[in-house]
1. For the range 110-245, compute the number of Lys pairs whose alpha carbons are separated by less than 30 Å, excluding pairs fewer than 8 positions apart on the same chain.
2. Just to be sure I understand: with springs between alpha-carbon atoms less than 10 Å apart, which residue in Phe242, Phe268, Phe224 has the highest mean-square fluctuation in the Gaussian network model of the chain?
3. Taking only DSSP H segments of four or more residues, each worth -39500 (n - 2.57), what value at 222 nm results for the chain once the sum is divided by all its residues, to the nearest 500 deg cm²/dmol?
4. By per-residue mean of other Cβ atoms within 10 Å, what is the highest-first order of 194-203, 67-76, 304-313?
5. Could you give each residue of the range 148-163 its phi-based ³J(HN,Hα) in whole Hz, using Karplus coefficients 6.51, -1.76, 1.60 with θ = phi - 60°, and x for Gly or Pro?
6. Picking from Met252, Met95, Met235, which is most flexible by a Gaussian network model of the chain using Cα springs under 10 Å?
7. Can you return the aspartates and glutamates within cross-link range of Lys290? Criterion is Cα-Cα under 18 Å, with same-chain partners fewer than 8 residues away left out.
8. List, in order, the whole-Hz ³J(HN,Hα) value for each residue of the range 57-70 obtained from phi through the Karplus relation with A = 6.51, B = -1.76, C = 1.60 and θ = phi - 60°; use x for Gly and Pro.
Amino acid sequence: MKQLIISAVLISVALSACTDDCNVSEKEMKGIVITPSDLKNLDWPSIARKNGINTIGLAVNPLYADSFSKSESYLDFLAACHDKGIDIEFQQHAMNEFLPRELFKKDSTMFRMDDNGRRTPDFNCCVHSEKALKIIADNAERFARRLVPTNHRYYFWTDDVGNICKCPKCINYSGSDQALIIENTILEAIRKADPKAMLAHLAYRRTLPAPEKIKPADGIFLEFAPFFRIFDKPMSDTTAIFHANATREISMSHKENMKYLKDNLEVFPAETAVILDYWLDVSLFSDWKKSNMTPIPWNSHVVKEDIRTYRSLGINHITSYGVWIDHEYLEKFPETYNYIKEYGSL
Ligand SMILES: [Zn+2]
């Protein structure tokens, strides 16, 4: 019976997804990106609703998209978000999974070439392999049919810390250009599943510089993630510098971050752009070690000023990682509720 009720909700979500909020660029996003495990024993849809957060992004490994889409926890979450008017989207790195690594044995030309001229299946793909792009696009479409964002925004990023292809055909294309070649192909494929689909171009690490050779297809939006930043000074502080450490490998000033953002806004429209910041990212502040869970170094002045800075550039869609804010974390660090509330209100 529960399945039947949830199926009815799913159908109504699908039918109602494009009524008032049809044009995604009109509704300003204030979001949070968490993982499916953060939903365990925690009513995130209610927390979001109560605190002015209107979008929950889930990071779902594509290998588990099918099983997760059928799980009771997801169906309950979907129904609760629908009930509370919260949009759902899915944000994740996906190339390792969309181009299965075991295919390397069959056809290594689908995979990237390293600096030594050798093909390797470690990360990403050769973006000049039509065969690779076709497999990636087909798998993206499959994901898009299973986990459907209610705001039509899709996020299938290239591999984290992933190197790019250096083959003779790809060598003159930057990481951003190579990502865009993949993204333009994926967008075409997912529009078969969702004609209103938009796809993120993530500017982060290797893809921070704006693309130069490839033009984004209509429907590609910028997602800017200032990973190499500090959190006790706002992005507008031109003296602020992040110094590389064991987990974040590049030193970068806030001035450089802002230059990357502004350069990207010369290529992508500001109206559809999304900022993915890290103000509430427990995983980052804990150095991605669960044994090292730490309080969030919340600074309301910084977050307020950052949001003002982003908005001054015409960007109205803002989300933050909130990975590992789960039931246990909130019991241990209950002050986090105040940070969520403040973030939602800014
Ligand atoms: Zn190549």
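The values are calculated or read from the model by the stated rules, or taken from the named source; none is laboratory data. As the structure is a computational prediction, the values presented were derived from the model and not from experiment. Here Cβ is always computed from backbone atoms with ideal geometry, including for glycine, and neighbour counts include all displayed protein chains. The accessibility values were calculated without ligands, DNA or RNA, using every heavy atom of the protein model including side chains. Shrake-Rupley method; radii C 1.70, N 1.55, O 1.52, S 1.80 Å.
1. 21
2. Top of the fluctuation ranking is Phe242.
3. It comes out at -11000 deg cm²/dmol, rounded to the nearest 500.
4. Most protected by this proxy first, the peptides run 194-203, 304-313, 67-76.
5. 9, x, 6, 9, 6, 9, 10, 9, 10, 8, 5, 5, 5, 6, x, 6
6. Result for the chain, Cα springs under 10 Å: Met252 fluctuates most.
7. Cα-Cα hits under 18 Å: Asp38, Asp281, Asp326, Glu328, Glu331.
8. x, 10, 8, 10, 4, x, 5, 10, 4, 5, 5, 5, 5, 9
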